[in-house]
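Novice: Before anything else, here's the structure in question.
The values are calculated or read from the model by the stated rules, or taken from the named source; none is laboratory data. Only a predicted model underlies this, so the values are computations on that prediction, with no experimental measurement involved. Ideal geometry is used to build each Cβ from the backbone, glycine not excepted, and the neighbour counts take in all protein chains shown. Surface areas here come from the heavy atoms of the whole protein model, side chains and all, with no ligands, DNA or RNA. Shrake-Rupley method; radii C 1.70, N 1.55, O 1.52, S 1.80 Å.
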Amino acid sequence: MRRAGKWLGRVLLMLICALVAAGVWKRDEINRLMAVNSLFDPDRIVANFSNMDAAFLHTRLETKTVPVSPLPTGAAATMPDGFDAFVEARRVTSVVVLHDGRLVYESYHLGTGRDDLRISWSVAKSFMSALTGVILAEGAIRSLDDPVVQYAPSLAGGAYDKATVRHVLNMATGVTFDEDYLDKSSDINRMGRILALGGRMDDFAAGLTETFAEPGIDWQYVSIDTHVLGMVLRGATGRSLSDLMQEKIIMPLGPERAPYYLTDGAGVAFALGGLNLTTRDYARFGLMFAQGGLWQGKQVVPAAWAEVSTTPSAPTQPDEMGYGYQWWMPRDARPREYMGRGIYGQYLYISEPEGVVIALTAVDPAFRRRDIVRENIAMFRRIADSF
């Protein structure tokens, strides 16, 4: 009996050691999963959005070889009545306003600062659009009507089998994808756990098999479409998305701080929302588009693409917004008025006729409400009209 007790004790000790070893081995994955589960907690969300590199795999987009581009200041602008209440109600963390290429207003809130690298969320999709325009102009992609499987063959036989590059740009692929952030079993949250645990986003995309419509027939916001766009760019060029974005878009802008991308376990950039920049550098990107893709005398993005990508072209949508190539337009848009949008209130608003660019970050839990979106656009327009 005593011998049996010793063996049982040894087995238990070995089991405990094995569990401890497994815990150490998987510590990073466990920490990332915990970070995902607490990412939007009210008491942590502000700090989380400025420190995504502390919890997730990432890769830096180096800019040491380029000087910071000038962002001249203009006469200080006075914000419209109600702006302070708007900032408080929408839990705004930073605002940068440019007018005619000059910095005229800047403020930071809830403990954030000018040097923070803030998560873009889906504003990153508009950066992907810009990069696509460059790669298309260079000839690596022959046509927007090429099938995505031509450049990303691992998608053959799945939900993207009939989709074209244009379809993923327009989010008109007809791919079934649940974008409900409040449902922990939704596709978007399953994707987040794959990212946290070091899985492969390419495998996730290839594993999607269901569609709700033929490509090009209907519009539905499907974030994984942007990852597929990234697969197309990587396949067309034979280069990583991080390298392409660094060379073609980020370095020409001369950012104030080197940004970074969140990545999956294979080092693939989280194209649909993982870009992190300072608010000033978001504004630089917006100003480049407001100038027809021109920055500091260099045509970074082809002028024709800067216009067509920010013009409504997707099939009719059932809400109050129009959609182009990974850019949004209000349904009642003024001439050349468009924006990038991200969850929890990230915005990059551009009104070309008024010469206004507004980069705004926030942690707004009411970001999805249509009345709130209308209020945000109304405030942006009031700022633009004040000049």
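Novice: How far, in nm, would the chain grow between Tyr181 and Ala85 when pulled straight, counting 0.36 nm per residue and subtracting the alpha carbon separation?
Specialist: Gain on stretching Tyr181 to Ala85: 31.9 nm.
Novice: When a/c is below 1.5 the answer is rounded, else prolate if a/b is larger than b/c, else oblate, so apply that to region 263-370 with a ≥ b ≥ c taken from the square roots of the Cα gyration tensor eigenvalues.
Specialist: The shape class here is rounded.
Novice: What do you get when you divide the Cα radius of gyration of region 123-260 by 2.2 N^0.38 Å, with N the number of residues?
Specialist: Normalised Rg, Cα atoms only: 1.05.
Novice: State the volume of the convex hull built on the alpha-carbon positions of region 174-240, expressed per residue in Å³ and rounded to an integer.
Specialist: Measuring per residue, one finds 98 Å³ for the Cα hull of region 174-240.
Novice: Taking only Cα atoms and a 10 Å spring cutoff, compute GNM fluctuations for the chain and point out the largest among Tyr325, Tyr105, Tyr349.
Specialist: Per the Cα network of the chain with a 10 Å cutoff, Tyr105 tops the list.
Novice: Find the accessible area per residue for region 235-309; the probe is 1.4 Å, ligands and nucleic acids are left out, and the unit is Å².
Specialist: That works out to 28 Å² for each residue.
Novice: Something else now. Just going by the charge dipole of the chain, with Lys and Arg at +1 and Asp and Glu at -1 on Cβ, which of Gly235, Tyr349, Ala76 is farthest out on the positive end?
Specialist: The Cα lying farthest towards the positive end belongs to Gly235.
Novice: At 222 nm, what helix-only mean residue ellipticity would the chain give, in deg cm²/dmol to the nearest 500, using -39500 (n - 2.57) for each DSSP H run of four or more?
Specialist: The helix-only estimate for the chain comes to -11000 deg cm²/dmol at 222 nm.
Novice: Name the GluC sites (Glu not before Pro) in region 74-162 that are in a loop by DSSP and that have at most 15 other C-beta atoms within 10 Å, would you?
Specialist: Loop-located and lightly packed - none at all.
Novice: Does anyone have the angle between helix 279-290 and the longest principal axis of the chain? Alpha-carbon axes, 0 to 90°, nearest 10?
Specialist: Between the helix axis and the principal axis of the chain, the angle is about 50 degrees.
Novice: Would you mind calculating the gained length between Lys298 and Thr65 on full extension (0.36 nm times residue separation, minus the Cα-Cα distance), in nm to one decimal?
Specialist: Gain in length upon complete extension: 82.2 nm.
Novice: Mean-square fluctuation check for the chain, GNM, Cα pairs under 10 Å: which of Gly292, Gly157, Gly192 is largest?
Specialist: Fluctuation is largest for Gly157.
Novice: Pairs Lys162/Lys184; Lys64/Lys248; Lys64/Lys125: which are spaced more than 21 Å apart, C-alpha to C-alpha?
Specialist: Where the Cα-Cα span goes over 21 Å, the pairs concerned are Lys162/Lys184; Lys64/Lys125.
Novice: Also, quick follow-up: Place a +1 charge on the Cβ of each Lys and Arg in the chain and a -1 charge on the Cβ of each Asp and Glu, then give the dipole magnitude about the Cα centre in debye, rounded to the nearest 20.
Specialist: 1500 debye
Novice: Once the other residues with Cβ under 14 Å from the Cβ of Asp145 are scored (Lys, Arg +1; Asp, Glu -1), what is the net sum?
Specialist: +2
Novice: Now a separate question. Two decimals is fine: what's Rg over Rh for the chain, C-alpha atoms, Kirkwood radius as Rh?
Specialist: Using Cα coordinates only, the ratio equals 1.02.
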